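The structure under discussion appears below in the form of structure tokens.
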Amino acid sequence: MRASVPFRLAQLRPRVHVQKRFASSTPGGGFNVNTAEAQKKAEEAVAAAGKRLGQAVEVGKKYMGPVGEKAGSMLGSYREPLLYNLSVAREFLKQVYVAERLQPPTSLPVFQHAYSTLWSRASNPAYWRELVRSGDWTKVGVYALEAYGIFKIGEIIGRRSLVGYKVE
């Protein structure tokens with residue numbers, strides 16, 4: 001009787017399925033070509049950023065005197081990790097920029113097509129009815145609010161004042 005109890009428990013336990021990972025590495029050392037290229041680019045970016053930061057520190061020392069020297073030496077041992085993190089962030093943002101196609105239109109027909117589409121939708125009452133019926137008017141409202149906010153932030157930066165222009 002005792003021998004059958006563990007057997008029944010084993011039958012009642014749920015089976016756990018483990019997913020296998022495929023093509024996670026290459027046989028030649030665990031690095032694939034893309035990883036090696038990315039690591040090489042990151043190292044080049046660190047070197048270039050270090051060179052630029054060194055130049056910036058020297059310019060800062062030149063223009064700011066002892067204060068510039070103090071600012072340059074304040075980074076100390078944090079300089080290299082800081083530069084590395086900044087270069088990795090820059091490369092990541094480049095990839096996002098390309099993947100999301102955030103670049104502005106490069107040709108006149110693309111630019112004209114985008115604005116003609118906007119104008120045709122804005123001037124079509126059927127489009128607005130469908131927008132209200134489907135509930136997408138909230139999404140359009142949020143986009144409009146974002147555009148207005150970005151415009152106002154640009155105005156504030158341009159004025160260099162939160163309210164009004166400095167007339168002095």
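Bear in mind these aren't lab numbers, they're just calculated from the coordinates by the rules spelled out. All values reported here derive from a predicted model rather than from experimental measurement. Cβ placement follows ideal geometry from the backbone for every residue including glycine, while neighbour counts extend to all protein chains displayed.
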Checklist outcome for this item: The ³J(HN,Hα) series, computed from each phi in the stretch 110-117 with the Karplus coefficients 6.51, -1.76 and 1.60 at θ = phi - 60°, rounded to the nearest Hz and given as x for glycine or proline, is 5, 4, 5, 5, 4, 6, 5, 5
Checklist entry - Using the Karplus equation 6.51 cos²θ - 1.76 cosθ + 1.60 (θ = phi - 60°), what ³J(HN,Hα) coupling, rounded to whole Hz, does each residue of the stretch 118-134 give in order, writing x for Gly and Pro? => result 4, 5, 5, 6, 5, 8, 9, x, 5, 4, 5, 5, 5, 4, 5, 5, 7
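Kindly put K40, K166 in sequence by how many other C-beta atoms sit within 10 Å of each C-beta, fewest to most.
K166, K40
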Item to check | For the stretch 95-102, 3J(HN,Hα) per residue [Karplus equation, 6.51 cos²θ - 1.76 cosθ + 1.60, θ = phi - 60°, Hz, x = Gly/Pro] | outcome: 5, 5, 4, 6, 5, 8, 6, 8
